[in-house]
Each structure stands twice: as structure tokens, then as C-alpha cells.
Amino acid sequence: MSRKRIILFLIFSFIFVKSLLAEEIPSYGDSIVVGSIGDARTLIPILASDSASADICGLVFNGLIKYDKDINLVPDLVESWQVLDNGLTIVFKLKKGVLWHDGVEFKAEDVEFTFRKLIDPNVRTPYSGDFEKVKSFEALDDYTVKITYKEPFSPGLSSWGMWIMPKHLLEREDFNKTFFSRKPTGTGPYKFNFWKSQEKIVLDANKNYFEGSPYIGRYIYEIIPDEATLFLQLLVEAVDFSGLSPFQYKYQTNTKFFNNTFNKYKLPSFGFTYLGFNLKSELFKDERVRQALDYAVDKNEIIKGVLFGLGRVCSGPFIPDSWAYNNNIKLRQFSPDKARQLLTEAGWFDHNGDGWLDKDNQNFEFTIITNQGNDQRKTVVQIIQKRLADIGIKVKIKIVEWSTFISEFIDKRKFDAVLLGWSLSRDPDNYDIWHSSKTKEGEFNFISYRNAQVDELLIKARRTFNQEERAAYYKKIHEIIYEEAPYMFLYVPESLPVVHKRFRGIAPAPLGIGYNFIKWYVPADEQKYKNIIMEK
Amino acid sequence: MIVYIFRRLCGLIPLLIGISAISFFVIHLAPGKPVGIQSDLNPKVSLEVRARLEKLYGLDKPVAVQFKNWFLRLLRFDFGRSFLDDRLVTEKIKERLPITVLINLLSLFLIFIIGIPIGVKSALKPGSFFDKVSTSLVFLGFAMPSFWLALLLMSFFAVTLRWLPVSGIKSIDFEFLTLPYKILDVARHLILPVFVSAFGSLAGISRYMRQGMLEVINSDYVRAARSRGLSEARVIYNHALRNALIPIITILGLSIPGLIGGSVIFETIFAIPGMGRLFFESVMSRDYTLIMGLLVLGSVFTLLGNLIADIAYAWVDPRIRYSR
């Protein structure tokens, strides 16, 4: 190699390495515009129950603990925690020197205040359930709190991910009409700036955040209630971060422009769609009938037809691939023959030759009910209707407005089968959905599922903090429920976020992409909203 | 005249009470409760919590008692607080009203300024080329779904040409603009919504105008004016048009309640935080106090609009006089 070439080579490698390094050093500044269908309702953390409010509260506040990217609990506002007395007591050691956005230090009294408000009967919080299991709450000093439960309650640990509120700003406020709901102060990576109802919510980076200042200077939450409009806003790059529908993901975003401008992500969502059978109905009392229906419906066909392939089959009520999910379950493969055979065993056969199955001179006929305003669910029901007609079962469809649907049909158990979805909490405890004591009007075991073994396992799993032990219980529950088929498990849809390409540092993980938002950045030469002044 | 107005105003009071009583009971007939949005299918919300929430909102009392409490507060002009976010109903309405009124006023102006000349011109030569084209066009606007037209225009003017913003009423950097640019910014955002909302309503006003004009043109006094040798322009604009405008005044009066209302679909497509969406959302979440606040406001405006239309009618048409 001649000397000239060596020099050239060195120069080029220098430029190359330098450009790599430039890439590696994140810059501060720029804004991100997040498009959302809905507006927040309240920014009081313990009253917020909708996803938009949660999006904002999640940036403004912190809990004592949080989930890391692999869905494990890790400290947030605490240094560490200890579970003592066989799970009766939890002791949290708080971080020192964490400041509220107004400069006051965060202390144990804030945690106690938040707790007292959660169990205060005059506060309209929907979250008191988990906290009412606490027997006593003690602040041992400014940085230590000790919580004692009436009985060991492992899902209680994750409930301390509840966002903590500042005592000094709220102790004299009436929670049901305080200014705080529209002008919150937290400890989180972003400070509240302003909120115009149904227009936007604007947050600014908290330079003094205890994990370091976020790179993106401003977070703008734009409310665009129509999905088609939101999509057009992406096309003109007025929105940087939003979710896509499966159809948009698959068919409307494969353009050169879109692929050059946005990064598309595909992550499993925390929820599943199912067909629930009312077990009080004579039709569905026989396990073989429920299994037969499960055989008769092709889940992959539904995923292809409704989600354009952007979903996965699931077999139980836990987050797929999480520690509680049982991956060893043998799925019932689509087989109309198997379905017919099971139904014949159960006494359902086309005795009179009219094309429909019958038993005791009654045709096999039932109604599937679902809520209005969700076209996916409507299509799913139609596919199920067709597949069940193929094996001689007549299905009628009823679609009802949400409030009516809940109060008149679900709460009162007036349905044969229901198509719905559950979102899955990060902690696998789902006592309220499967335990036989939770079948009263308005409770969530509305299909009236009853299994003594599942009841026992649910309680055992709540009483231990040992994850391996809990996993064993949940896997067994998963197995039993799949075998008995009180739900026909259909699919877990993918969540399909898109983010403008100028944002770097995004690393998809089981928890999604938002977990490391404070590490996202835009290289200095690509920053778009430079005229927006960060300091107020 | 003053006695007449006073009598009509007094007559409105029982009417208003009746309307609010009926509305109150009807909305309570709809299944579901305001606390549903916090507790529906949320396994974290136990039955006890839900019962407690209902009690805190006073929903455990009989409907008649709830109505009495609500009405007594209304007498002090207290519309109560929204069940959804505990904000004052008046505050929520105040926030949404200006943009809705602005868009409605602009589009009403546009409708009259375009619709009336179209009507007049069509009436002068019924069956002419202009008549046929304008009739087809206004009916096209009337028949076309507004959301579809809106999306087409957005996709053309905002995405393809990039001349106008897609939706909303302000740009991201609105707070950093100077006043003239702020006005310009809002104006740019309003072009499409105002056009879309006006286009669909041209049919009504131009048809009324055409019909009114046709009747007047064939009447005796117009023929008399012509026979006196007045120029055609004077005949049309001084004599005929003034009389043909009388029914339009009624329509104008009846449009008053429409000024504070908005269409949900239209506002949703354009991401405009207006009254239509406020009403729709309040109904979907069974936010009783907010629904009632909006209904009372709507009925007051409707009743007043009717009254104003009647008075204006008498004022412009000397043939009509109200008995004392």
C-alpha cells in the first residue's frame, strides 16, 4: 500500500469514526408532537383513569416503583424496598434529594398523603381497592415508609407504582374541585406548561430531573379526534408520534415518503380479544360444547381478516411471553370435524335434517353481543358467525352502545356470548376476573366462571412474593382455563406506533418504546422546532 | 309592541321549565351512569368503590330529588360541575363557545352573501343555463357528506399542495407569533372548515330566495313598477328584492340557535374543539349536569330566536301587526 493511500485511508476512517461519534452524542432541544385521539380528563394522578390522562401523568409524576423495559419491577422514587414478615410488610427507602417541580424536596409525608387520599371515602378515586388491604402506614422518618398489610398481598407491590402527589400543594385542596387537576406539579421528567381543552397539552423538560434532564425540550400532546385526520397530519409531518391502525400500517404507509420519514414499530399490545360464554346459559354448561366452538373458529383467519396479520393467537389471560404466561399449552387447531364430533358427543346433531344442529327439538342458536363503535369487533363476530354456521350453529349478532351494553347486558348477565377485550395489567393477578366470588351484578367475572382449583391458585398466587412460585400458579391457572374454555381466546393485537425519523435512541423492548422516552433525542442539525424557546 | 314582547317573554318561562324537566327525565332514562367511564370493565374498581362514587355524585337519590336539587341551583344560575372532570359546566361551555360561534357566523355570512345572489339570478331567468348549473351545484353540496368533502379537500389542499393546514385552529408555534400572524394563522386554519360548512347549506337559502323572488316578480306591483317605466335594475333591486327578502329574515331568526350548535362529525374531522363535540361527549359519558347545561342554553336560544324572528317580521313587513 502506498503512503498516499494509507493517508487517504486514515482520513476516511477518521471521518467515518467521527460521524459515528457524532451520532452517539445526543443533543438537547427540539419538540415532539404526539397525536392523540382523546383528550385527558384530569391530571390528578389518583383520579385519572383514561389513557390520555395516563400518558401525561406518566411524564409529570413518578411512582415509588416502576416497570423496566423487560416488565420487571425496579425502583423509581425509592432507593430500594424490602418485603418482610412473609409478605405482610413492605419497607420502602426513598431517594434523597428528589425535588418537586416547584423546588420543594420530595419526602415520606408526600407518600403518606397520597396513600391517605387513596383511601379517603370523599375522594372519587377508582383505585382505592388495592390500598384498602393495607392495615397500617407508617413514615419511619423522612425517607423511610413501612406498609403493613392485613394479609400478604403480592399484587399490592405493583400498586405502589401509583403516582405520588405533593402534600404541600394539595393538603388544603378539595380534591373534587382543585386547580391541580388542570395544573399539576410532579417530580417527573416533564413539567406541566399549559393545557387547552380538546386542543393540546404542553409539557417542558425538567432540567433537574433526578435521572438527568430529558433531551427533548418540549412535549406537545395534540388532540386530533379523527383517525383519518390524524393520519393526514402524519403525512404533512405535523405530528411526530402516533399509533396506526392495522390497515394503515399494512396498506397506506408503504410509500417511499413514509418509509423515509417515519420509523414504524410493531409491538405486542397488553390486551387480548375474546369471546366469553355465559356459563349460566344451558347451552354452554357442557365443556365439550365450548371446546367444540373453539375448534370451529379459525383464529388465524380472524387475525388475517381483521388485523391484516398484525396480531397473534393467544391461549390465556396473561401477557404473552411474560413470566406468568404458559408457553407449553397445546392449542386446539382449527378443525370443523373435531367440532362436529364433540358436539355430537354432547347430544347436538342435525336430527331433523334442516341443516342446523338440534337437541330435544331445540336448534343450537344463540346471540353474540358486542359494543358499538369498534369495527374490528363487528368483523370478528361476523367471521365467527360464518364459521359456526358451517357446522350448523345459528348465531345472531347484536351491537349495543357502550353504556347500555355494560349496564343492561353485561352487569345484568343478559347475554349468551359476548365479544370483548381485556387489557392486561403488568402484574398477572386477575382475581377479579376469574375468582368465583366475583360474580355479583357489576363485578367482572360476568361469565360466572367457577372452578375451585382456580380459586385456590388465585389466592395462593396473591399470598406469595416469590415470582417463581407465582409463575407456577399462574401457569396452572392458564392451563385449566384454556382446557375448560370459558372464553374462546382470539388474539392479542399488535400496537403499531410510528415515530418521525429525526428522533433517535428508541429501543423497542417488551414494555414498548415509551419506557426510555427521556433518552430520545434529535441530532442538532435535524432539529425542527428551533424557534420554540425552552426556558419560560 | 313593548307589551307584546313582554308578554311573549313571560310566556317563555313555563316553556323553559317544561323543556328542562322533560329533558332531565329523558336523559336519566338512558341506561348507564356517569361513573361508568371510571369504572366500566376496570377490574381495579370494586363494587364498594363504585357504590361510593355514585353516592359522592348524588346519583343514589331518586330522579325527582335530583331534578329538584338541580333546578334550585339553576335558579341561582348555578349549572353545577361536570361529572367527568369536576369542572364548572359554565367554564366548559365558555371554553368551547367562541370558536363555534365564530365558524358559524363566518359560514352564515358566506351562505347569505353567496346564496342570495344565486337565488335572485336563478329566479330572473328560470330554466336558464345558470339556473340549472347553480341548482345542480347547490344540491350537490347539500347531498355530499361533509366529512367526505372535508377529507378530500384536506388531502388536496393540505397534503398534496401543502397550502393549508390539515386540521385544528392554531399552529404548533402559535404562542410565539405576533398578533397579525396569529390572526393569519387562525384564518388559514378556518378556510376549509368554513367553506365545508357553508357549502352544504347554500341549497336552502338559494332555493328560498329563488322561490320568494319568483312569487314577487309575478305580482301586480312589480308589473306596475315596470309599466311606470322604471329601469329593470330598479324594479328588481328596489321593489322586488326587498319584499322577497322577508322570508329570509325569518330564516335568519331561526338560525340564531344554530349559532351555538355544531356538528360532531364536522368538528371531529377538523379537530375543532367546539360545542358539537362537547355535547356528543357529554351524552356518551352520561355527564348529566353538562348535558342539562347545554340543553338549557340551546332552548333559551331557540325560544329567543323564534321571538326575534317574529319581531323582525313585524318590523319589516307593514302588513303584519301584532294585536296588543
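The values are calculated or read from the model by the stated rules, or taken from the named source; none is laboratory data. Please read all numbers here as calculations on a predicted model, not as lab measurements. Note that we place each Cβ from the backbone using ideal geometry, even for glycine, and neighbour counts take in every protein chain shown.
Some values worked out for this structure:
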{"quantity": "Residues satisfying the stated conditions in segment A:302-331, i.e. part of a loop (DSSP other than H, G, I, E, B), among the charged types (D, E, K, R) and in contact (Cβ under 8 Å) with a residue 60 or more places away in the chain", "calculated": "A:Asp321"}
{"quantity": "Residues satisfying the stated conditions in segment A:169-202, i.e. assigned to a loop (DSSP other than H, G, I, E, B), of a type in the set (D, E, K, R) and either within 14 Å of chain B (Cβ to nearest Cβ) or under 26 Å from the mean Cα position of the chain (by Cα) (or both)", "calculated": "A:Glu173, A:Asp174, A:Lys177, A:Lys183, A:Glu199"}
{"quantity": "Test: residue in segment B:70-88 that is among the small types (Gly, Ala, Ser), within 23 Å of the chain's Cα centre (by Cα) and modelled with pLDDT of 90 or more", "calculated": "no"}
{"quantity": "Positions within segment A:27-49 being out of contact with any strand residue (DSSP E or B) (no Cβ under 9 Å at 6 or more places or on another chain) and either more than 17 Å from A:Phe180 (Cα to Cα) or buried (at least 21 other Cβ atoms within 10 Å of the Cβ) (or both), in sequence order", "calculated": "A:Arg41, A:Thr42, A:Ile44, A:Pro45, A:Ile46, A:Leu47, A:Ala48"}
{"quantity": "Index of the failed condition, A:Thr464 passing every other in (1) within 14 Å of another protein chain (Cβ to nearest Cβ); (2) touching a residue at least 24 places away in the same chain (Cβ under 8 Å)", "calculated": "(1)"}
{"quantity": "Those residues of segment B:264-277 which are under 19 Å from B:Ser82 (Cα atoms) and facing chain A (nearest Cβ under 8 Å), in sequence order", "calculated": "B:Pro273, B:Arg277"}
{"quantity": "Condition met for B:Gly36 (crowded, with 18+ Cβ neighbours inside 10 Å, within 14 Å of chain A (Cβ to nearest Cβ), within 29 Å of A:Ser407 (Cα to Cα) and modelled with pLDDT under 85)", "calculated": "yes"}
{"quantity": "Search result, residues across segment A:148-168 that are touching a helix residue (DSSP H, G or I) at 6+ places or on another chain (Cβ under 9 Å) and part of a loop (DSSP other than H, G, I, E, B)", "calculated": "A:Glu151, A:Pro152, A:Phe153, A:Ser154, A:Trp160, A:Met162, A:Trp163, A:Ile164, A:Met165, A:Pro166"}
{"quantity": "Segment A:94-129 - residue that is within 14 Å of chain B (Cβ to nearest Cβ) and in a loop (DSSP other than H, G, I, E, B) and, of those, surrounded by the most Cβ atoms within 10 Å (Cβ to Cβ)", "calculated": "A:Thr125"}
{"quantity": "Condition check for A:Thr261: within 14 Å of another protein chain (Cβ to nearest Cβ), among the hydroxyl-bearing types (Ser, Thr, Tyr), without any contact (Cβ under 8 Å) to a residue 60 or more places away in the chain and over 30 Å from A:Gln341 (Cα atoms)", "calculated": "no"}
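Listed here are the residues, each with its yes/no results for (1) within 13 Å of another protein chain (Cβ to nearest Cβ); (2) over 17 Å from B:Leu295 (Cα atoms); (3) not in a loop (DSSP other than H, G, I, E, B).
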residue: B:Leu53; (1), (2), (3): yes, yes, yes
residue: B:Lys61; (1), (2), (3): no, yes, no
residue: B:Val65; (1), (2), (3): no, yes, yes
residue: B:Phe71; (1), (2), (3): no, no, yes
residue: B:Thr90; (1), (2), (3): no, no, yes
residue: B:Arg96; (1), (2), (3): yes, no, yes
residue: B:Thr100; (1), (2), (3): yes, no, yes
residue: B:Leu105; (1), (2), (3): no, yes, yes
residue: B:Phe109; (1), (2), (3): no, yes, yes
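Okay, residues lined up against (1) among the acidic types (Asp, Glu); (2) more than 9 Å from chain B (Cβ to nearest Cβ); (3) outside any loop (DSSP other than H, G, I, E, B):
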{"position": "A:Asp204", "(1), (2), (3)": "yes, yes, yes"}
{"position": "A:Tyr219", "(1), (2), (3)": "no, yes, yes"}
{"position": "A:Glu222", "(1), (2), (3)": "yes, no, yes"}
{"position": "A:Thr229", "(1), (2), (3)": "no, no, yes"}
